[in-house]
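Comments concern the structure below.
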Amino acid sequence: MDPLPARPDLADDAPPEGRYVVAARKYRPQTFGELVAQDHVAQTLRNAVTHHRLAHAYLFSGPRGVGKTTAARLLAKAVNCQTPLSERDDAEPCRTCDACVSFEEGRALNVIEIDAASNRGVDDARELRETVRIPPQGARKKVYILDEVHMFTKDAFNVLLKTLEEPPAHALFIFATTEPHKVLPTILSRCQRFDFRRIAVGEIVTRLREIAGAEGVEADEEALMLIARRADGALRDALSLFDQSVALCGMTLDGTELRTALGVVSSDVFFAVTSRAAAHDRAGMLDAVERLVRRGIDLTEFVGGLTEHVRDLLAVTATGSTDLVEATGATRAKYAAAAEAWTETDLLHLLMVADEAAQAMREGRAPRLTLELALLRMASMTPVVDLDSLMRRLEAMGTSQPATPVAPSVARPAPTRQQLESPEGPSEQPRGRREPPRDDGGDPVFPSEPPPSRPAPPSAPAEPRDSTPADAPAAAHDLFGQPALRRRAGDPDGDASASGDGAAGAAEAELALPVRAQAPALPLGRVRDAWPGVIARVERDNVALAALLHTADVCGEQRGTVVISAPDAFARDTLARAIDAIGTALEAEMGAPSPPLRFTVVAPEPETVRLSDPFERLRELSQEHPFFRVLAERFGAVPHFP
């Protein structure tokens, strides 16, 4: 076949071969001073060269595109530079000697770069171990640069162990990796490690401005900021995006045009979304999603940008300044104005919703539906008021009680084992025979306890009554006390209904438990000795009840009543309902009438105070007290962090 004819019209416009070089290669640092944002590494390496304190192995770790391989190349060039150190500026390579020129031109035979991702096996490591013995040709050091060294297999690492521990004097190993945790500890212990940090947006913008000036490209601040933020701390990514932007927009980079060309969502869209959330504009939220879909915007990328936007608002609200916002001056002014409409707590809620949406979209769920639900949740949120400010408002209004009626009472904690076993017993009066207070008409406000299942013998001593005067005022201003237990008059079964949960509610519920009143109290030791036999007798007829008795214990005596502890409220209530069967077994075991019995939940001994989650505590209080439930549901109360 005849060759295609030449095209003179195209040949004149074609650039010479090798003229164009991408910015990431063209502007690669050639000295330690040109490394961006890695001064701690550059200065340490310069000092090592100056003072002849070079290690035999280095490990450079950090994110992608921050200069790890570049720093390794600079160190290799600096140690082999033929110019004396006295004539060099701070151990920088001179770039004029034969060693430096050959290295920059890619002709250096004493610097071997190995891609550990593709040469990761045992055979590759063995070959490397054999070549290390060969001395350098016309240079001081033979430098091995292993990029992505974490890709080495475990066996390959083990092959290098001995070489790294006792290498030849002319060998220098430099490992570069983005995942240092995958490198064997035995390798790490033989290297000097340097951690490269992510490059800040401002430093990337400065470097881009220098390169744009050198290339003759006019770029405004918004365009450079957009490129730097999308680079995510990697200067190499920023330079690649800079080349792409010049190819898209020409020699003039405008922020608005570049944003449209790259398909990046404008910050004005994010400001509009948060404004609609503050205005509870649900229809506007759905319309925003429709516009994004029509423009072909990646919804996952949009959620990521929304998260960063809410984070910037939160930073402005929390600090009172825009120093933590990486944006242009005009955009910072917008953040300062928009942050005035939000509180930290509201922005935290928005941030959590956006983060949950981003996670759900990464898991492959319906992107549009997930985004719509997230935006609707943002628009449906009510402003959050912390509990302290809400209480201050109630006090200012002169309100001493909650809107919903709550029966006030004083929370009575369960007695401890030490109180039960003391001769005096607990300081409060026993609750089993409390006489209810009466109102002015003489009718009982709290009906008396139901009669015991067996009548007490005539010789049984009368149990003491509560010494509280009948006309004593109730704790009406105790908003947070445990609600009192009430029982309607005429209740056929006589059970009291608890109006709250928790330890205080369990203690109050003991008022409704039956008490077995029998003969005068016997010595407590006899009851304890007979208790195993009682369990054995009950087990013949009721195995489940006997299992609960195994968890109970005769723990003390209160004014002639034997107190039996239970591990929890369920066991206490179950045992109390079977008090007749237990009393009968106790009588048969002792051969004498059973003393009065009462079952209770004994509080554990005091322990070191342990901090709990304030949000979990508020949830518990909302379940125990209607007042807190109203505050949380109707007013959106949250814990206050001083």
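On a 28 Å Cα-Cα criterion, which of the cross-link pairs Lys26/Lys334; Lys77/Lys154; Lys26/Lys68; Lys26/Lys182; Lys68/Lys334; Lys26/Lys162 come out too long? Going by Cα-Cα distance, Lys26/Lys334; Lys77/Lys154; Lys26/Lys182; Lys68/Lys334; Lys26/Lys162 fall outside the 28 Å limit. Once the C-beta distance of Glu34 and Asn542 is scaled by a Förster radius of 51 Å, the resulting FRET efficiency is 0.05 to the nearest 0.05.
Distant-in-sequence amide contacts of Gly556, defined by a placed amide H-H separation under 5 Å and a gap of 5 or more residues or a different chain, comprise Val563.
How high is the relative contact order of region 267-383, in percent, counting Cα pairs under 8 Å that sit 6 or more residues apart? Kindly include the intermediate steps, with their values, before the conclusion.
Values: 106 pairs, mean separation 45.7, N = 117.
For region 267-383, the relative contact order is 39 percent.
If each residue of separation counts as 0.36 nm, what is the full-extension length gain between Ala592 and Glu301 once their alpha-carbon separation is subtracted?
Numbers: separation 291, 0.36 × 291 = 104.76 nm, distance 8.15 nm.
Additional length available on full extension: 96.6 nm.
For the peptides 226-232, 391-397, 356-362, 177-183, the ranking by mean Cβ contacts within 10 Å, running from highest to lowest, is 226-232, 356-362, 177-183, 391-397.
When each of the peptides 237-243, 134-140 is scored by the mean number of other C-beta atoms lying within 10 Å of its residues, the order from highest to lowest reads 237-243, 134-140. Here's how it looks for Tyr58: its modeled amide H is under 5 Å from those of Phe173, Ile174, Phe175, Gln192, which are all 5 or more places away or on a different chain. Distance between the 7 Å Cα→Cβ label points at Arg64 and Asp195: 2.2 nm. Backbone N atoms of region 216-242 closer than 12 Å to the 7 Å Cα→Cβ label point of Arg209 belong to residues 219-222, 224-225.
Mind jotting down a quarter of the surface of the convex hull over the alpha carbons of region 23-195, in square nanometres, one decimal?
Working: hull surface 37.8 nm².
If you wrap the Cα atoms of region 23-195 in a convex hull and average its projections, you get 9.4 nm².
The calculated FRET efficiency for the pair Ala261 and Arg126, based on their C-beta separation and a Förster distance of 60 Å, comes to about 0.75. Using a Förster distance of 35 Å, how high is the FRET efficiency between His51 and Arg230, based on the Cβ-Cβ distance and rounded to 0.05? FRET efficiency, His51 to Arg230: 0.30.
Put simply, the amide H of Ala566, placed in the peptide plane, has neighbours under 5 Å in Thr600, Val601, Val602, leaving out anything fewer than 5 places away on its chain. In sequence order, region 26-39 has phi-based couplings of 5, 10, 5, x, 10, 9, 5, x, 8, 5, 8, 6, 10, 5 Hz under the Karplus curve 6.51 cos²θ - 1.76 cosθ + 1.60, θ = phi - 60°, and Gly or Pro positions carry x.
Based on alpha-carbon atoms, the Kirkwood radius and the radius of gyration of region 201-262 give Rg/Rh equal to 0.90. Both the radius of gyration and Dmax for region 159-255 are 19.8, 57 Å, in that order, over alpha-carbon atoms.
Averaging over all projection directions, the Cα-based convex hull of region 227-380 occupies 9.5 nm² in the image plane.
In this simple spin-label approximation, Glu363 and Met391 carry label points 7 Å from Cα along the Cα→Cβ vector, and these lie 3.8 nm apart.
Taken together, the values in this text are just the output of simple stated rules run on the coordinates, not laboratory data. A quick note: this is a predicted structure, and the numbers were derived from the prediction, not measured. Backbone-built Cβ (ideal geometry, glycine too); neighbour counts: all protein chains shown.
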